[in-house]
1. Which ³J(HN,Hα) values, rounded to whole Hz and listed in residue order, are derived for the range 53-65 from phi using the Karplus coefficients 6.51, -1.76 and 1.60 in 6.51 cos²θ - 1.76 cosθ + 1.60 with θ = phi - 60°, glycine and proline given as x?
2. Shape verdict for the chain, please, from the Cα gyration tensor: rounded (a/c under 1.5), prolate (a/b greater than b/c) or oblate.
3. Pop out the Kirkwood hydrodynamic radius of the range 41-105 from its pairwise C-alpha distances, inverse of mean 1/r, in Å to one decimal.
4. Roughly how many debye, to the nearest 20, is the charge dipole of the chain about its Cα centre, given +1 on each Lys and Arg Cβ, -1 on each Asp and Glu Cβ, and no other charges?
Amino acid sequence: MEDQASGPLLHLTTSAGWRAALDTGAVTPPSLTEMGFVHLSTPAQVHLPAQRLFPGRRDVVVLVVDPARLSAPVRFEPGAPGDPAGMRFPHLYGPLPTAAVVAVVPWRPGTPLALPGLPT
């Protein structure tokens, strides 16, 4: 995988988390304070954090992010122990502005992820 975002990036949150972000204008998960970044994924790897962070949850949504709309840096870095060797995940080193989110899609494990509203 390249160390740059050539397509959409994804962020998992709950429906309530997304509604709260709309009120403030940015997604600011605990990881931003604790680790200094917002966890993102590519479409090919989003299932890994979904299984790890939200097993069995039905209120999870996928925020489809246009990397061109981000002002903070994105760095591709190793994920969690147990992730495939060599896989690198995008980390956003700043809040995720709601204006960078081009679509919100329900997460349904075992179902292909349809990503509407992507830039071409």
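Every number in this text was worked out from the coordinates using simple rules, so none of it is lab data. This structure is a prediction, so every number in the text was calculated from the model and none was measured. Quick reminder, even Gly has a Cβ in these numbers, built from the backbone with ideal geometry, and neighbours come from all protein chains shown.
1. With coefficients 6.51, -1.76 and 1.60, one gets 9, 10, x, x, 7, 10, 9, 8, 10, 9, 8, 8, 10 Hz.
2. rounded
3. It works out to 13.1 Å.
4. Charge dipole, the chain, about its Cα centre: 300 debye, nearest 20.
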